[in-house]
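The values are calculated or read from the model by the stated rules, or taken from the named source; none is laboratory data. Not measured: the values here are computed from a predicted model. Reconstructed Cβ throughout: ideal geometry from the backbone, glycine too, with neighbour counts over all protein chains shown. For the accessible areas, the whole protein counts, side chains as well, though only heavy atoms, and no ligand, DNA or RNA atoms are used. Shrake-Rupley method; radii C 1.70, N 1.55, O 1.52, S 1.80 Å.
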Amino acid sequence: MTAPRSAGGTRPYWRHFAFNILSPAILTFALYLAFIFLVILPEMERSTMERKKEKIRELTQVAWSELAGLHEQELRGSLTRSDAQRLAIERIRRLRFGDEGKDYFWISDTSTRMVMHPYRPDLEGTDLVNYADPAGTRLFVEYTRIVHAQGEGYVEYLWQWQDDDRRVVPKLSFVKGFEPWGWIVGTGIYLEDVRAQMRQITRRVLGFSLVVILGMAALLGYVAKQGLDLERTRWRTQEALRESEERYRMVVESAAEGVMLVLEDRPAYANRALLNRLGYTERELADLPIETILLPLTAAPVGTETERRARLTDKRGSMSDVIVTSARVRVGGQDGQVLTIRDGPGRRRTEETLLRLVADLQSLLPLATKAIGAAAPALVECEWGTPVQQAAARMTKAGVSAILVRSPDGDPCGIVTDHDLRGRVVAEGQAADLPVSKIMSAPLIRIPARALLFEAARVMQERGVQHLVVADDAGAVLGVVTGAEILHAQRHAVGLLLAEIQSATSPAELGESRAKLPVFVRALLENGARVETVTRIMTTVSDAIAARLITLAEARLGPPPARYAFVALGSEAREEQTLATDQDNALIYAEVPDGSREAAQDYFRQLGEWVCAGLDQAGYRRCPGEVMACNPKWCQPLPEWRRYFSDCIAAANPQDLLDVNVFFDLRCAWGEAGLVAQLRDHLHERLKVERNRRTFFFHLTRSTLQFRPPRGFFGNLQLEPAGRFDIKSAIIPLVNFARIYALQHAYAETNTLDRLRRLRDQGQLVPSSHDELAQAYTTLMQLRLAHQAAQVQQGLPPDNAIDPGRLTQLEHSMLRKIVADIAVFQARLETDFARTA
């Protein structure tokens, strides 16, 4: 009997069969053929060509030896030069090789005259300086050039086929100079011979491959038949169950309470109300044992229908107390139960809101893990003096809306867009030969290739542009991205959150936006986002909140009296913020005239106080050590900041450096990034002084070595008195290690993983050490963020104290290895910097 078809008209086992059986087999065949045609055959062709080249080189050497022998007789006086040359021409003219005996040698001289050619005697004695093949190659001039330059070599050109002057084909020749007579002797191979040989080899390989594929297909057919039979049986069983389940579906789908059919201790069906509450799809739920979802809290009395208290666990791990009523049933020959689940007393309702947020966040994941460099198109450029008409033609041909302009020294210096052409050429009636340098937009607005798509969208929105120049870590330009390609990021969760922040009118509204971060973090971690991606998103949100507060502050206080930068310090500067964070910031402003200093100080201190108070209201606690822009000490003009750093380096001691360690990680979060760059350059210049350098790094290392990894005497994890593991204390030594070596080598990077990569790329860290450090840091941050996100979801304040009892055995082992590795790297720090001052 033919099995009934599903509602879609196609049996599910065909889809399962195609995916699990046919797809891998087809992929295997494709990879096999790709390996043959993309690796094996090209390698064979290359090897064949190399053998041919070696053959004509050796044959030419034989002919050259013949000339050398006759020249020897000339030197002994047994032959005159004319007799020796005549004999040489006769002997070389008769020399033949090849399968048909038609391959030959020829002789020319260093003044491009043809001395002897067996198939073109008409050329003998002719000056061939202007003789060129159909492609324009002046081959005899090329022979002479190669012999003069290196004595011998290969030349590729077009020549007649053997003795058939009506057929011209590609040829590769080897030439060698005979200096005593000023001659050049050579021979060659026809590339058509190589191609014919490769066609023959290809036919053989195809024949062999066909036999292999037929054998594999026969084997696949047998395996497929067995698999298809099993799949049919499974599908028919499922159809029988589905028919039984339909009798219950109409009744339970409309129920407000959760209803679940359980067969053989696994959920076979759940109504929509229960699926929405648990967050699972029907397929996901069917693969779970019932005990992972429902944990009985009270024993059930004996009977056909029972009621008991239980604990319901959803997909996110959140638990709630429920009342479960069960009734025994028999479906499709299997015993089971129908469970009716309703809320127990005191169940919190906030989880439904979180579920909706998590569902919305699924659209975030492609943006959170995709770098802007992956979206950059091909680079289209023109020179400084290129006419606008030619530039527009290049843009049209490449299908782009912008073209980069290179300065006379070759560096990109500006960009011309469709908007520039319309507004500055067409609208103003400019001539078509106007140089692009007259209409280009400059300076270029750059973004690193590793930046995420939503970060580029934010830059475009803030700067009011539609094009960004993408550059690699070395500053080399990779391409241009447009707003049409990436501004769609604003429609997704992070883009919406940033838009919400930019439109906020008070710190309270910013706090509401920031409160969504824990849900973002948990959704990202559960869906496999990288740790550095998560922390960069958190830092971007933090920067956006600070930027909005600064805008609101300027609206209250008026325009600033000088250029300034709001500086992120510590973890925010490193783009490594977590959910348990406080403020670390400062304010740098440009030097002002003496008569304006007091007014400038008053303005920026008010601005710092307003922004720091707003950050506190938005959820970023004030720094216990008062390292904030509202502290007058850390709100100063650039010269005063330079003095701070100079004094710190010159009079370094461990305790002072422990207090200001946070200042060695600084990043411009808003404003004039050039002020921060000048301060960092000043720091690096001061550290170049040998006396300052040795003392500074000695005391800096001594201060950082006070942060030891939490490792017990016998290598076990060292716990706090409350029985918790302080994961932050394990991360700090890794951050300090990367910071000290980055300072030593004057690297501008602030992010810990970026610093480690730079140390590896510059040869300061061997790859294995880099991998160990990066893996340790990533693992610790992953545990830290997951722990904090779970705390916030449970209504607890986030911290860094992890309960070891909640860790798996694998996590325990990883942590023990990490703290042991950290101790090794700290010993390297001590050896390099902290033994002697």
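A compact table of results
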{"read-out": "Hits in the stretch 73-99 - residues which are among the acidic types (Asp, Glu) and either touching a residue at least 60 places away in the same chain (Cβ under 8 Å) or over 28 Å from Glu192 (Cα atoms) (or both)", "value": "Glu74, Asp83, Glu90"}
{"read-out": "Unique residue being open to solvent by less than 10 Å² (accessible area, probe 1.4 Å), modelled with pLDDT of 90 or more, touching a Pro at 6+ places or on another chain (Cβ under 9 Å) and closer than 22 Å to Leu679 by Cα when the list is Leu587, Leu569, Leu607", "value": "Leu607"}
{"read-out": "Selection from the stretch 799-815 of residues that are in contact (Cβ under 8 Å) with a residue 12 or more places away in the chain and part of a helix (DSSP H, G or I)", "value": "Pro804, Glu811, His812, Met814, Leu815"}
{"read-out": "Test: Val477 is modelled with pLDDT of 85 or more, over 30 Å from Val735 (Cβ atoms), in contact with a strand residue (DSSP E or B) (Cβ under 6 Å, 6 or more places away or on another chain) and not charged (D, E, K, R)", "value": "yes"}
{"read-out": "Residues within the stretch 722-762 that are surrounded by fewer than 17 Cβ atoms within 10 Å (Cβ to Cβ) and hydrophobic (A, V, I, L, M, F, W, C), tallied", "value": "3"}
{"read-out": "Qualifying residue in the stretch 543-555 (condition: touching a residue at least 60 places away in the same chain (Cβ under 8 Å), under 27 Å from the mean Cα position of the chain (by Cα) and open to solvent by 10 Å² or more (accessible area, probe 1.4 Å))", "value": "yes"}
{"read-out": "Residue among Val141, Val155, Val147, Val168 that alone is β-branched (Val, Ile, Thr), under 58 Å from the mean Cα position of the chain (by Cα), open to solvent by 40 Å² or more (accessible area, probe 1.4 Å) and within 20 Å of Thr60 (Cα to Cα)", "value": "Val141"}
{"read-out": "Flag if Thr80 is within 57 Å of the chain's Cα centre (by Cα) and of a type in the set (Val, Ile, Thr)", "value": "no"}
{"read-out": "Single match in Gly570, Gly671, Gly619 (criterion: on the phi > 0 side of the Ramachandran plot, in contact (Cβ under 8 Å) with a residue 24 or more places away in the chain and in contact with a strand residue (DSSP E or B) (Cβ under 6 Å, 6 or more places away or on another chain))", "value": "Gly671"}
{"read-out": "Some residue of the stretch 409-421 being over 30 Å from the mean Cα position of the chain (by Cα) and among the β-branched types (Val, Ile, Thr)", "value": "no"}
{"read-out": "Qualifying residue in the stretch 711-718 (condition: open to solvent by 40 Å² or more (accessible area, probe 1.4 Å), aliphatic (A, V, I, L, M), modelled with pLDDT under 90 and out of contact with any Ser or Thr (no Cβ under 6 Å at 6 or more places or on another chain))", "value": "no"}
{"read-out": "Test: residue in the stretch 115-135 that is of a type in the set (Asp, Glu), more than 16 Å from Trp181 (Cβ to Cβ), open to solvent by 70 Å² or more (accessible area, probe 1.4 Å) and in a strand (DSSP E or B)", "value": "yes"}
{"read-out": "Any hit, the stretch 247-263, residues being modelled with pLDDT under 80, open to solvent by less than 30 Å² (accessible area, probe 1.4 Å) and out of contact with any Asp or Glu (no Cβ under 8 Å at 6 or more places or on another chain)", "value": "yes"}
{"read-out": "Hits in the stretch 766-798 (condition: assigned to a loop (DSSP other than H, G, I, E, B) and buried (at least 17 other Cβ atoms within 10 Å of the Cβ))", "value": "Pro798"}
{"read-out": "Qualifying positions in the stretch 63-72 - in contact (Cβ under 8 Å) with a residue 24 or more places away in the chain and either hydroxyl-bearing (Ser, Thr, Tyr) or under 15 Å from Arg96 (Cα atoms) (or both)", "value": "Ala63, Trp64, Glu66"}
{"read-out": "Test: residue in the stretch 99-114 that is open to solvent by 50 Å² or more (accessible area, probe 1.4 Å), among the basic types (Lys, Arg) and either part of a loop (DSSP other than H, G, I, E, B) or within 30 Å of Pro42 (Cβ to Cβ) (or both)", "value": "yes"}
{"read-out": "Count - residues of the stretch 624-646 that are touching a helix residue (DSSP H, G or I) at 6+ places or on another chain (Cβ under 9 Å) and either under 19 Å from Gly570 (Cα atoms) or open to solvent by 50 Å² or more (accessible area, probe 1.4 Å) (or both)", "value": "16"}
{"read-out": "Condition met for Val592 (in a loop (DSSP other than H, G, I, E, B), touching a Pro at 6+ places or on another chain (Cβ under 9 Å) and at pLDDT 90 or above)", "value": "yes"}
{"read-out": "Top-ranked residue of the stretch 274-329 - restricted to ones that are hydroxyl-bearing (Ser, Thr, Tyr) and open to solvent by 30 Å² or more (accessible area, probe 1.4 Å), ranked as modelled with the lowest pLDDT", "value": "Thr304"}
{"read-out": "Inter-residue pairs, beta-carbon under 7 Å, first closer than 20 Å to Ala673 by Cβ and among the aliphatic types (A, V, I, L, M) and in the stretch 433-455, second at pLDDT 90 or above and open to solvent by 30 Å² or more (accessible area, probe 1.4 Å), 6+ apart", "value": "Ala442/Cys413"}
{"read-out": "Those residues of the stretch 499-510 which are free of Cβ contacts under 8 Å to residues at least 60 places away in the same chain, part of a helix (DSSP H, G or I) and in contact with a Lys or Arg (Cβ under 8 Å, 6 or more places away or on another chain), in sequence order", "value": "Ile501, Gln502"}
{"read-out": "Selected residue (criterion: modelled with the highest pLDDT) from residues of the stretch 480-520 that are among the charged types (D, E, K, R) and under 24 Å from the mean Cα position of the chain (by Cα)", "value": "Glu485"}
{"read-out": "Count of residues meeting criterion [part of a loop (DSSP other than H, G, I, E, B) and open to solvent by 30 Å² or more (accessible area, probe 1.4 Å)] in the stretch 511-542", "value": "5"}
{"read-out": "Filter result for the condition that a residue is part of a loop (DSSP other than H, G, I, E, B), of a type in the set (A, V, I, L, M) and closer than 30 Å to Gln794 by Cα, over Ala580, Ala546, Ala613", "value": "Ala580"}
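One line per residue, one yes/no per condition, for (1) without any contact (Cβ under 8 Å) to a residue 12 or more places away in the chain; (2) assigned to a helix (DSSP H, G or I):
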position	(1), (2)
Thr144	no, yes
Gln160	no, no
Arg167	yes, no
Lys176	no, no
Ile189	no, no
Val212	no, yes
